[in-house]
There are 6 protein chains.
Amino acid sequence: MIRITRKYRFSASHRLHAAALADEQNRELYGKCDNPYGHGHNYEIAVSARGPLDPRSGRILDPALLDRLVEAHVLRPFDHRNLNEEIPEFRNSVPTTENLAAEIFRRLETHWKSAFPGNGPSLEKVSIAETPRNIFEVWQIHGQA
Amino acid sequence: MIRITRKYRFSASHRLHAAALADEQNRELYGKCDNPYGHGHNYEIAVSARGPLDPRSGRILDPALLDRLVEAHVLRPFDHRNLNEEIPEFRNSVPTTENLAAEIFRRLETHWKSAFPGNGPSLEKVSIAETPRNIFEVWQIHGQA
Amino acid sequence: MIRITRKYRFSASHRLHAAALADEQNRELYGKCDNPYGHGHNYEIAVSARGPLDPRSGRILDPALLDRLVEAHVLRPFDHRNLNEEIPEFRNSVPTTENLAAEIFRRLETHWKSAFPGNGPSLEKVSIAETPRNIFEVWQIHGQA
Amino acid sequence: MIRITRKYRFSASHRLHAAALADEQNRELYGKCDNPYGHGHNYEIAVSARGPLDPRSGRILDPALLDRLVEAHVLRPFDHRNLNEEIPEFRNSVPTTENLAAEIFRRLETHWKSAFPGNGPSLEKVSIAETPRNIFEVWQIHGQA
Amino acid sequence: MIRITRKYRFSASHRLHAAALADEQNRELYGKCDNPYGHGHNYEIAVSARGPLDPRSGRILDPALLDRLVEAHVLRPFDHRNLNEEIPEFRNSVPTTENLAAEIFRRLETHWKSAFPGNGPSLEKVSIAETPRNIFEVWQIHGQA
Amino acid sequence: MIRITRKYRFSASHRLHAAALADEQNRELYGKCDNPYGHGHNYEIAVSARGPLDPRSGRILDPALLDRLVEAHVLRPFDHRNLNEEIPEFRNSVPTTENLAAEIFRRLETHWKSAFPGNGPSLEKVSIAETPRNIFEVWQIHGQA
């Protein structure tokens, strides 16, 4: 078995603030990330897939197809955006990097089979670095991380 | 002569939009950076100073003093902020990275002499990476870059 | 399930020399790392935890708590130290990076439950890069690496 | 259990072209990687081994032995080479990075026991970055990745 | 004055071999880089321009224009190419990274004024990293490096 | 004119302590770097030379010659060493990174002409990163930095 990981970048702004909590609780929970005017990051995501090697092509997937999938469902909607205001899923949940990683995994998983039909590669993990020193990984429950 | 460069990071959000221009001109000029909800970056700044070597300490400056200067005048006001809304200088100018670099240089230059009095080190350059592939440098007119 | 990894740095010196072995055996085993005057490194550690997502906060742990734990039990005792002379555990064992990684894991594990009580996140892995090209990982026997 | 990972670099050229396919299929499959004159990369490989800690040395393997193994069976034959023309295995298979990673794993596995006899460390994974954004991992079927 | 630097990558293969020299001299001069089958690299180039700040836009140049210039005159002709076979200038000169940097500088300089007419930014420097540890810079004779 | 920069690494330990000063002054001046047991770093040095392009070889210097010079006069004496105890120059001066950079520059300059005789390349700058965020540069008084 072989795993491929491809990395992508986007830049976005967000504010960490839970609507269900009082302002003071938000400040205690999120510190300066609760700043009402928001702040932002260069996010680096890494998408990992694993699969059998196609003996004809010597590859486990066509990287152009993966790039197109990530471009359509992640980069276009998230790059140069305000996550709180422009991503519908973050109207009801806080755009922490944990939730952001889970949302990106969900979007890729939803569209995976139409991009890679048949017994091809499977989506294994989405990793996202909010800064170079703060990294989050989400993976399939039955998969391996 | 010896130069010291120390690097620091902060995260902020901004929107590129010139008040004097029509919306369409802004969109043409700044592209997706004109998104009305803003976006953000992890900025990495590098502050360079040059000076004579103090023979007693074997240093050109006390790095703790430089850290304190940058902390007080750059990191505290800029980190986890919205540059358009929270930095007074960007009420009248667009927070491009060029303007941001110039503003950081100006702030450090203004407070330099009180941090490093006498014939000590001189501020030489401020460099700022908006992303790892997009870097801006500002330096003193009579200095060397 | 989601994993968070946060990175930290410290600088320290060490000498690789096993008291139970003859000098010549030490030289053969450790090469230039056996130099009696010692040498040093910038160590970069990465601490990984996994856990359920708290639906209220959208996080698996409060990063400020993890930072405080690592600061108290790793950075403060190890940073700018001589590992052989100043870390009691290395009086009887050689401060190889394997042993250093295991010792850091042990210290974090010992204090984990008081920092993260209840059914919170669990410590999963400690990784340490002695140089950018030489990396060691230690993890829980029943966990996944 | 502890894992060690050591990184190495080599530079090589290759062309992606499957002999069994028509030219047009090759162009569609491999895009600009099918350029008949070839192109090249700086490959960065990471070799991971896991094993019990030797209580005497405080290590899981002698890094000099691993370096010698990788030097002899990977760096010397692959560095500054044309993979299609100079690596016999790629006369009949396409030197995709998947196949390259598998071939490196196979070579290290073949010679592992003579380098590390007895109950020592086991080869766990070979990872190879074709570019900093495009990474492939190969590991033992019964091992963990 | 402000300097902007933008980074780009391409992958190519080359062989270092001077037609005017005997084979043995070539081997002595270029070592393994003289391998007749060639080898390759991931080249990272950095293009630096300096200029006055446009007070209206807050920028020294439109980054989209620079990207287009580099795409047309550097990335498209050089990426995934064999420098000896596919770049006419290297039919008569050896594609060392020095010559490659000079050729890229020449191409950008030739087309600079049509991309940035008037008193706009001036091309200042082209830097190229053949590997992360081997970097070459070319700049204008009357400029500053 | 073209500049070449090549990077090298070594690991060493040091203690910052000026013999002429009282213990308390040392503690105030150097903070935790004054720890009597010492600490250490992975130092990354970058050596820059500039020179005319040799039209025959297409290079400004033979990189193997530069590597040999740096190996003999910097890496061999400094790598895996205690700078205070094993480098004679630091018996009378404090091994700050400023002094270390100046000493490396001096050593390379002393031996430059025997490595590169005639009108060849000239040594321009030595840069040394004590950590990735703390960088020092030393250059020739009449040269350009």
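Within the stretch A:113-141, the set of residues being more than 26 Å from A:Pro95 (Cα to Cα) and aliphatic (A, V, I, L, M) comprises A:Ala115 only.
Tell me yes or no: at least one residue of the stretch B:9-32 is closer than 22 Å to B:Glu109 by Cβ, touching a Leu at 6+ places or on another chain (Cβ under 7 Å) and surrounded by 15 or more Cβ atoms within 10 Å (Cβ to Cβ).
In the first step, residues of the stretch B:9-32 are kept if they are closer than 22 Å to B:Glu109 by Cβ; the result is B:9-10, B:12.
Checking the rest, the ones that are also touching a Leu at 6+ places or on another chain (Cβ under 7 Å) come to B:10, B:12.
Adding the requirement that they be surrounded by 15 or more Cβ atoms within 10 Å (Cβ to Cβ) leaves B:10, B:12.
There is at least one residue in the stretch B:9-32 that is closer than 22 Å to B:Glu109 by Cβ, touching a Leu at 6+ places or on another chain (Cβ under 7 Å) and surrounded by 15 or more Cβ atoms within 10 Å (Cβ to Cβ).
Condition (residue is more than 30 Å from B:Leu16 (Cα to Cα) and either more than 7 Å from every other protein chain (Cβ to nearest Cβ) or of a type in the set (A, V, I, L, M) (or both)) applied to the stretch A:90-98: is it met by at least one residue?
The initial filter retains those residues of the stretch A:90-98 that are more than 30 Å from B:Leu16 (Cα to Cα), namely none.
No: the stretch A:90-98 contains no residue that is more than 30 Å from B:Leu16 (Cα to Cα) and either more than 7 Å from every other protein chain (Cβ to nearest Cβ) or of a type in the set (A, V, I, L, M) (or both).
Evaluated against (1) closer than 23 Å to C:Gly31 by Cα; (2) at the interface with another protein chain (Cβ under 10 Å from one of its Cβ atoms); (3) among the hydrophobic types (A, V, I, L, M, F, W, C), D:Val70 falls short on exactly one condition, (2). Output yes when any residue across the stretch A:79-87 is surrounded by 15 or more Cβ atoms within 10 Å (Cβ to Cβ) and within 20 Å of D:Arg133 (Cβ to Cβ), and no when none is. Yes, the conditions are met somewhere in the stretch A:79-87.
Could you list all residues from the stretch F:99-130 that are within 14 Å of chain C (Cβ to nearest Cβ) and within 20 Å of F:Asp34 (Cβ to Cβ)?
First, the residues of the stretch F:99-130 that are within 14 Å of chain C (Cβ to nearest Cβ): F:100, F:128-130.
Listed by number, the residues that qualify are F:Leu100, F:Glu130.
Contact annotation: no residue pair with Cβ atoms under 6 Å, 6 or more positions apart or on different chains, pairs a residue in the stretch D:72-84 that is within 14 Å of D:Pro95 (Cα to Cα) with a partner that is assigned to a strand (DSSP E or B) and among the acidic types (Asp, Glu).
Residue under question is C:Leu75, and the condition is that it be under 17 Å from the mean Cα position of the chain (by Cα), buried (at least 21 other Cβ atoms within 10 Å of the Cβ) and among the aliphatic types (A, V, I, L, M); does it hold? Spelling it out, it is not the case that C:Leu75 is under 17 Å from the mean Cα position of the chain (by Cα), buried (at least 21 other Cβ atoms within 10 Å of the Cβ) and among the aliphatic types (A, V, I, L, M).
Tell me whether the stretch C:39-58 contains one or more residues that are of a type in the set (S, T, N, Q), buried (at least 22 other Cβ atoms within 10 Å of the Cβ) and closer than 15 Å to F:Asn35 by Cβ. So far as the stretch C:39-58 goes, no, none of its residues is of a type in the set (S, T, N, Q), buried (at least 22 other Cβ atoms within 10 Å of the Cβ) and closer than 15 Å to F:Asn35 by Cβ. Identify, please: which residue in the stretch B:41-56 is among the charged types (D, E, K, R) and over 16 Å from B:Ala115 (Cβ atoms) and is, among those, nearest to the other protein chains (Cβ to nearest Cβ)? Of everything passing the filter in the stretch B:41-56, B:Arg56 is nearest to the other protein chains (Cβ to nearest Cβ).
Of all residues in the stretch A:94-106, which are crowded, with 19+ Cβ neighbours inside 10 Å and either under 23 Å from A:Ile4 (Cα atoms) or more than 10 Å from the chain's Cα centre (by Cα) (or both)? It would help to see each step written out before you state the result.
Pass one, the stretch A:94-106, residues crowded, with 19+ Cβ neighbours inside 10 Å: A:94-105.
A:Val94, A:Pro95, A:Thr96, A:Thr97, A:Glu98, A:Leu100, A:Ala101, A:Ala102, A:Glu103, A:Ile104, A:Phe105, listed by residue number.
Within the stretch F:56-82, count every residue that is under 16 Å from F:Phe105 (Cα atoms) and touching a Pro at 6+ places or on another chain (Cβ under 9 Å). Total meeting the criteria: 1. Which of the residues spanning the stretch A:9-56 are small (Gly, Ala, Ser) and either within 30 Å of D:Ser93 (Cβ to Cβ) or in contact with a strand residue (DSSP E or B) (Cβ under 9 Å, 6 or more places away or on another chain) (or both)? Across the stretch A:9-56, the qualifying residues are A:Ser11, A:Ala12, A:Ser13, A:Gly38, A:Gly40, A:Ala46, A:Ser48, A:Ala49, A:Gly51.
Restricting the first member to the stretch C:1-15 and to residues that are more than 7 Å from chain F (Cβ to nearest Cβ) and β-branched (Val, Ile, Thr), and the second to residues that are part of a strand (DSSP E or B) and surrounded by fewer than 19 Cβ atoms within 10 Å (Cβ to Cβ), the beta-carbon pairs closer than 9 Å and six or more apart or on different chains are C:Ile4/A:Asn134; C:Thr5/A:Asn134; C:Thr5/C:Ala46. Just one of the numbered conditions (1) out of contact with any His (no Cβ under 6 Å at 6 or more places or on another chain); (2) within 19 Å of C:Arg3 (Cα to Cα); (3) surrounded by 20 or more Cβ atoms within 10 Å (Cβ to Cβ) is not true of A:Phe116: (2). The residues of the stretch A:1-38 that are part of a strand (DSSP E or B) and more than 26 Å from B:Ile87 (Cβ to Cβ), listed by number, are A:Ile2, A:Arg3, A:Ile4, A:Thr5, A:Arg6, A:Lys7, A:Tyr8.
Quick grid of which residues meet (1) among the aromatic types (Phe, Trp, Tyr); (2) under 26 Å from F:Pro52 (Cα atoms); (3) in contact (Cβ under 8 Å) with a residue 12 or more places away in the chain:
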residue	(1), (2), (3)
F:Ile87	no, no, yes
F:Ser93	no, no, no
F:Ala102	no, yes, yes
F:Arg107	no, yes, yes
F:Asn119	no, yes, yes
F:Ala129	no, no, yes
F:Phe136	yes, no, yes
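The residue pairs whose first member lies in the stretch A:24-41 and is within 21 Å of A:Thr131 (Cα to Cα), whose second member is of a type in the set (Ser, Thr, Tyr), and whose beta carbons are closer than 6 Å, counting only pairs six or more residues apart or on different chains, are A:Leu29/C:Ser57; A:Gly38/A:Ser13; A:Gly38/B:Ser13; A:His39/B:Ser11; A:His39/B:Ser13; A:Gly40/A:Ser13; A:Gly40/B:Ser13; A:His41/B:Ser11.
What residue, of A:Leu83, A:Leu69, is closer than 28 Å to A:Ala115 by Cβ and touching a strand residue (DSSP E or B) at 6+ places or on another chain (Cβ under 6 Å)?
Details: A:Leu69 fails: touching a strand residue (DSSP E or B) at 6+ places or on another chain (Cβ under 6 Å).
It is A:Leu83.
I'd like to check something: does the stretch A:57-64 contain any residue that is facing another protein chain (nearest Cβ under 9 Å), more than 30 Å from D:Gly31 (Cα to Cα) and not small (Gly, Ala, Ser)?
The initial filter retains those residues of the stretch A:57-64 that are facing another protein chain (nearest Cβ under 9 Å), namely A:57-60, A:62-64.
Pick out the ones that are also more than 30 Å from D:Gly31 (Cα to Cα) and you get none.
No: the stretch A:57-64 contains no residue that is facing another protein chain (nearest Cβ under 9 Å), more than 30 Å from D:Gly31 (Cα to Cα) and not small (Gly, Ala, Ser).
Throughout, read-outs are computed from the coordinates displayed, never taken from laboratory work. Being a predicted model, the structure only gives us computed values, none of them experimental. Backbone-built Cβ (ideal geometry, glycine too); neighbour counts: all protein chains shown.
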